1. Could you check the range 26-58 and list, in sequence order, the residues that are outside any helix (DSSP H, G or I) and either open to solvent by less than 80 Å² (accessible area, probe 1.4 Å) or in contact (Cβ under 8 Å) with a residue 40 or more places away in the chain (or both)?
2. Of all residues in the range 14-25 being within 22 Å of the chain's Cα centre (by Cα) and surrounded by fewer than 16 Cβ atoms within 10 Å (Cβ to Cβ), which is farthest from residue 63 (Cα to Cα)?
3. For the range 1-52, enumerate the residues that are aromatic (Phe, Trp, Tyr) and closer than 17 Å to residue 65 by Cβ.
4. Being part of a loop (DSSP other than H, G, I, E, B), of a type in the set (A, V, I, L, M), modelled with pLDDT of 70 or more and open to solvent by less than 90 Å² (accessible area, probe 1.4 Å): is that true of residue 68 here?
5. Got at least one residue in the range 27-39 being among the hydroxyl-bearing types (Ser, Thr, Tyr) and modelled with pLDDT under 90?
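The values are calculated or read from the model by the stated rules, or taken from the named source; none is laboratory data. All of these numbers come straight from a predicted model, not from anything done at the bench. A quick note on method: Cβ atoms are made from the backbone with ideal geometry, for glycine too, and the neighbour counts reach across all protein chains shown. Accessible surface areas use protein heavy atoms only, side chains included; no ligands, DNA or RNA. Shrake-Rupley method; radii C 1.70, N 1.55, O 1.52, S 1.80 Å.
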Amino acid sequence: MSAKLVLQGIAVAAFMAMLHSGYSAREYLMYSKSIGRQDLSLPIEIVLECLVSLAIMTVALVIGVGKLKPISYEAEMKRYSIDGVFSRPSFQAFNHRGRYLRPLVDQPAVTQ
C-alpha cells in the first residue's frame, strides 16, 4: 500500500473518532439534563478523545497532502501569453451607441 493511502485511512479513522466524541458529548449532556444535574461540563475522556482525534487527523492530512504547487504570480503567468491575458471577449460590446453617434461625427462642421 502507498503511504498516501495509509495516511488517508488514518485521517478517516480520526474523523470517525471525532464524530464519536461529538455524539458522546451530546448523549452525555442529554443524560445530564434528564437526571437534573446542574453541572453540564463534559468528562475528560470525551474532551481528550476529541482533541487527540483532531491532532491525529491534522497530522495525517498535513503529511499526506503531498507536494504543493507554487502560487507566485510569475509561476502562474508562465502558462499564458500577454495576448491571452488582455483578451477579454466578455468586455467586447458590438451593440452599443456608437452607430448612432457616428453620423454626427461624419457631418462637416458648420462654420459661421
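1. First pass over the range 26-58, keeping only residues outside any helix (DSSP H, G or I): 35-43.
36, 40, 41, 42, 43, listed by residue number.
2. Filtering first and then ranking leaves 19.
3. Of the range 1-52, the ones aromatic (Phe, Trp, Tyr) are 15, 23, 28, 31.
Residue satisfying the conditions is 15 alone.
4. Working: part of a loop (DSSP other than H, G, I, E, B): yes; of a type in the set (A, V, I, L, M): yes; modelled with pLDDT of 70 or more: yes; open to solvent by less than 90 Å² (accessible area, probe 1.4 Å): no.
In short, no.
5. Going residue by residue through the range 27-39, those that are among the hydroxyl-bearing types (Ser, Thr, Tyr) are 28, 31-32, 34.
Among the residues that remain, those that are also modelled with pLDDT under 90 are: none.
Scanning the range 27-39 turns up no residue that is among the hydroxyl-bearing types (Ser, Thr, Tyr) and modelled with pLDDT under 90.
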